[in-house]
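Structure first, then comments.
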Amino acid sequence: MLRSVVEETCSRIIYFCNKQFLKEGICIHSPILKYGLHDNLLLSNNLLSLYAKCYGVKQARQLFDEMPHRDVVSWTGILSAYVKNGNHQEALRLFNLMRVSGEKPNEYTYSNVLKSCSALEDLSYGTKVQACMIKHGFEENPILCSSLIELYSKWDFLEEAVGVFNGMGNRDTVSWTTMISSFVEAGKLIDAVRCFTQMIEEGVRPNEYTFAKLLGACCFSGIDYGKLVHAQLIVCGVQLNLILKTALVEMYANCHRMEDAMVILNQTCEEDVQLWTALITGFTQNLKFHEAISVFRDMVRNFIVPNNYTYAGILNACSSIRALRLGKQIHANLIMVGLDNDTSVGNALLDFYAKCSNAVEDVMRVFKFITSPNVVSWTALIAGLATHGLKDECFLAFLEMQFVGQQPNSFTLFNILQACGEIETRMIHGFVIKTMADNDIILANALIDTYTKLQMVDSALSLAKGMSNRNIITYTVLASKLNQIGHHQLTLDIINHLRDDHIQLDGFIISSFLSASTNLGFTKTGKQLHSYSIKFGFGTWISVLNSLVDLYAKCMSIDDAQRAFNEIPKPDIISWNVLMHGFTLNGHITSTLETLENMRLAGVKPDSVTLLIVLVACEKGGLVDMGVEYFHSLREMYDIKLEISHYKSLVDILGRAGRLEEAFSVMKSMPLGYKAMLYKRVLHWCKLHRNVLLGEEVARVGLKLEPCHLEFYGLLGSLYDEVGRFDLGDSMRRLMKEGG
């Protein structure tokens, strides 16, 4: 009687503790042993559950091994503990032991075993488990069938997954959702929608997970499909909870509809870190970096604690807008919360410092703090070193990552190529062939890019010729780089190779061909490319139209250039600059300045190229005062960073007009590095205008900056000759010989 009372009491205490007070429940183990109740299976199984929850699988296994009797609950309990711990190999080994012991598995046992099969991607073992399920009459169990569908889908055996689904007698919401998810993962969106429709027709009510899976497919199928799913969600009366809010935000973000994503955010008060992170990621993916930062600040103000994915997203936004100060503040916060050694956060920090900081030490410091650097970490490190031009360090990192067991991928090799010279490029090419990565078209294209950049044209052409699967990117890289280094005829020859490979031209490569035609003065070829671009739908591409404006302007067909410009729906800064340059080349100075004003009225900010074109136009048109005015006003109004070409143009404007004192005073506002070169320019104008006094002063100041520069003596000697002081001219030439 006493024993049964104690058993009942212990059982109730353990049951209660299992629900709420886990560690307190362990204390009941002592009286169980004291009163000899350790052979009570119910008590032992409950204790096993407590040990697994409190102390983990190791302590639970010790108790399991000491149990005098075990049943299916005991075996399933310890097996479940191993699955939750991620030790799937041991879980499967235990399942084998269970079968050998003669204990018959139940549906929960099979469910855990199938989870392990899926995690280990062990399809072979999974099919054996399915055979056991059929043998023991579980072939129509909805939970187990859903696990099987998931397993088969993971291995792209969609037919087998559909077979399991069709064989189910009682398909519930979970089964339908799993099948829909499988279709979505396989990219079979029509089948996913058809499955959803059939689910509704059979009277099975979808839940938030069903709609979340359907919404996840909208990044492939577009906004119309997304709106349809959203409407169906409302029709079905499914409550808008956090899962659905997050899925809807992600869907609208993927479809570039951030305004709609914000509307979803504000529809209910529920919010969590996943929802805010989805919003930040959406703004970042849509290149709205300032908005992403603003949302991050709102999130913190709402006392939502960011996680590692949030920080990674906001660091990507900081990298994109080069917000060094804000990124450093976020880094400091990461250190405070202990996330600075997280791999995903560390990778984002590496990318941030590589793009935003001039100190390579920042990149190295972040890398050292990452506990378990993966291939992405090493790739980010190599990219950072390459950005800073540290070729030797790049290769050391490349060797070290292989030494620690991390194999470089296509992106690693792509980044290391950015730092390569001729010898290193050939070494990387050899590594690519050795590792049989030469079939990777991304890598092949990167090698072609590097070879052409190093002007190793024969190597680039040979590599392209030997590729088995050339694509439009291969030829675009080749065409753009050959054109940049002056091989314009070779660039146009690529058209024939494209035709031989039956590859259609796109807007990017047409732009390169038009540029090559411009440089060669081949108006006829340019017009043929113009006709082709219109015929195949590339006539509205801004890059194509900009190239056409440049072509017609340089070939003295300014009216055609204007017509091509007028076809651009929304001209960018390049469009305006090309048109202005065209007007200047053709001597239409008034049109150049009118175009500048039209550009400003259109809300496009002039840049350094615009300023240079305007100064050249003013010089050509003899508009001295206007040139000086534009030099100062455009620079101040649009914060344009001045370069030597701007100063040279201004000096030429003033020098040509004989305003030599003004030209000389311009020198005083210049950066020191430019002065010596432009003093020679002022001296040239002094010679033309026969201004000996100023010429001597300019030569004196110039020689202070570069005492050994003999050109000053030559120019000053020519100036003396111009005014008839041949004795002084001979003296300058004698000094030149002595200096030489």
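The values are calculated or read from the model by the stated rules, or taken from the named source; none is laboratory data. Owing to the predicted nature of the structure, the values given are computational and were not obtained by experimental measurement. A quick note on method: Cβ atoms are made from the backbone with ideal geometry, for glycine too, and the neighbour counts reach across all protein chains shown.
When residues in segment 176-205 are screened for being modelled with pLDDT of 80 or more, assigned to a loop (DSSP other than H, G, I, E, B) and under 19 Å from ALA161 (Cβ atoms), 2 of them pass. For segment 615-633, filtering for residues that are small (Gly, Ala, Ser), in contact (Cβ under 8 Å) with a residue 12 or more places away in the chain and on the phi < 0 side of the Ramachandran plot leaves 3.
Does LEU349 qualify as being surrounded by 20 or more Cβ atoms within 10 Å (Cβ to Cβ) and either within 17 Å of the chain's Cα centre (by Cα) or not in a helix (DSSP H, G or I) (or both)? It is true that LEU349 is surrounded by 20 or more Cβ atoms within 10 Å (Cβ to Cβ) and either within 17 Å of the chain's Cα centre (by Cα) or not in a helix (DSSP H, G or I) (or both). Do we find a residue being among the small types (Gly, Ala, Ser), farther than 23 Å from ASP340 by Cα and not in a helix (DSSP H, G or I) anywhere in segment 228-242? Yes; the residues of segment 228-242 include at least one that is among the small types (Gly, Ala, Ser), farther than 23 Å from ASP340 by Cα and not in a helix (DSSP H, G or I).
Residues checked against (1) surrounded by fewer than 18 Cβ atoms within 10 Å (Cβ to Cβ); (2) touching a residue at least 24 places away in the same chain (Cβ under 8 Å); (3) in contact with a Lys or Arg (Cβ under 7 Å, 6 or more places away or on another chain):
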position	(1), (2), (3)
ARG297	yes, no, no
VAL300	yes, no, no
ILE314	no, yes, no
ILE321	yes, yes, no
GLN329	yes, no, no
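Here THR173 fits the description: touching a residue at least 24 places away in the same chain (Cβ under 8 Å) and more than 23 Å from THR127 (Cβ to Cβ).
Only residues that are crowded, with 21+ Cβ neighbours inside 10 Å, outside any helix (DSSP H, G or I) and hydrophobic (A, V, I, L, M, F, W, C) were counted in segment 398-448, giving 2. When THR452, THR435 are screened for being more than 25 Å from ILE494 (Cα to Cα) and among the polar types (S, T, N, Q), only THR435 passes. Go through segment 181-191 and give me each residue that's more than 18 Å from THR246 (Cβ to Cβ), touching a Ser or Thr at 6+ places or on another chain (Cβ under 8 Å) and buried (at least 23 other Cβ atoms within 10 Å of the Cβ). Matches in segment 181-191: SER182 only. Looking across segment 534-554 at every residue that is modelled with pLDDT under 90 and either crowded, with 19+ Cβ neighbours inside 10 Å or of a type in the set (S, T, N, Q) (or both), the one that is nearest to ILE510 (Cα to Cα) is identified as PHE538. The residues of segment 100-141 that are more than 21 Å from SER182 (Cβ to Cβ) and not in a helix (DSSP H, G or I), listed by number, are GLY102, GLU103, LYS104, PRO105, ASN106, HIS136, GLY137. Considering segment 206-227, and only residues there that are part of a helix (DSSP H, G or I) and hydrophobic (A, V, I, L, M, F, W, C), the residue that is surrounded by the fewest Cβ atoms within 10 Å (Cβ to Cβ) turns out to be PHE220. The lone criterion from (1) farther than 28 Å from ALA602 by Cβ; (2) part of a helix (DSSP H, G or I) left unmet by GLY582 is number (1). Here VAL235 fulfils each of the conditions (1) closer than 17 Å to VAL263 by Cα; (2) more than 34 Å from the chain's Cα centre (by Cα); (3) not acidic (Asp, Glu) apart from (1).
Condition first: closer than 14 Å to LEU151 by Cβ and crowded, with 22+ Cβ neighbours inside 10 Å. Now tell me which residues in segment 88-125 satisfy that.
Across segment 88-125, the qualifying residues are TYR110, ASN112, VAL113, LEU114, SER116, CYS117.
Kindly indicate whether GLY203 is more than 27 Å from ALA312 (Cα to Cα), of a type in the set (Gly, Ala, Ser) and surrounded by fewer than 17 Cβ atoms within 10 Å (Cβ to Cβ).
yes
GLU250 meets each of the listed conditions (1) of a type in the set (Asp, Glu); (2) within 18 Å of THR210 (Cα to Cα); (3) surrounded by fewer than 14 Cβ atoms within 10 Å (Cβ to Cβ) apart from (3). In this structure, LYS355 qualifies as within 22 Å of the chain's Cα centre (by Cα), over 23 Å from ASP458 (Cβ atoms) and not hydroxyl-bearing (Ser, Thr, Tyr).
Scanning segment 265-289 for residues that are assigned to a helix (DSSP H, G or I) and not hydroxyl-bearing (Ser, Thr, Tyr) yields a count of 12. Considering segment 485-554, the qualifying helices (runs of 4 or more DSSP H), each wholly inside and each with 3 or more residues that are within 28 Å of the chain's Cα centre (by Cα), run over 507-520, 542-554.
Scanning segment 547-586 for residues that are under 18 Å from SER533 (Cβ atoms) and of a type in the set (Phe, Trp, Tyr) returns TYR552, PHE565. Quick check, is TYR451 touching a residue at least 12 places away in the same chain (Cβ under 8 Å), crowded, with 20+ Cβ neighbours inside 10 Å, touching a Ser or Thr at 6+ places or on another chain (Cβ under 8 Å) and of a type in the set (Phe, Trp, Tyr)? The answer is yes for TYR451.
Against the numbered list (1) at pLDDT below 85; (2) within 19 Å of the chain's Cα centre (by Cα), ALA380 comes up short only at (1).
Annotation: of all residues in segment 693-740 being among the aromatic types (Phe, Trp, Tyr) and at pLDDT 80 or above, the one that is farthest from the chain's Cα centre (by Cα) is PHE726. Only residues that are polar (S, T, N, Q), surrounded by fewer than 17 Cβ atoms within 10 Å (Cβ to Cβ) and assigned to a helix (DSSP H, G or I) were counted in segment 454-477, giving 1.
Suppose the filter is without any contact (Cβ under 8 Å) to a residue 40 or more places away in the chain, within 28 Å of GLU711 (Cβ to Cβ) and touching a Phe, Trp or Tyr at 6+ places or on another chain (Cβ under 6 Å); does ILE653 pass it?
no
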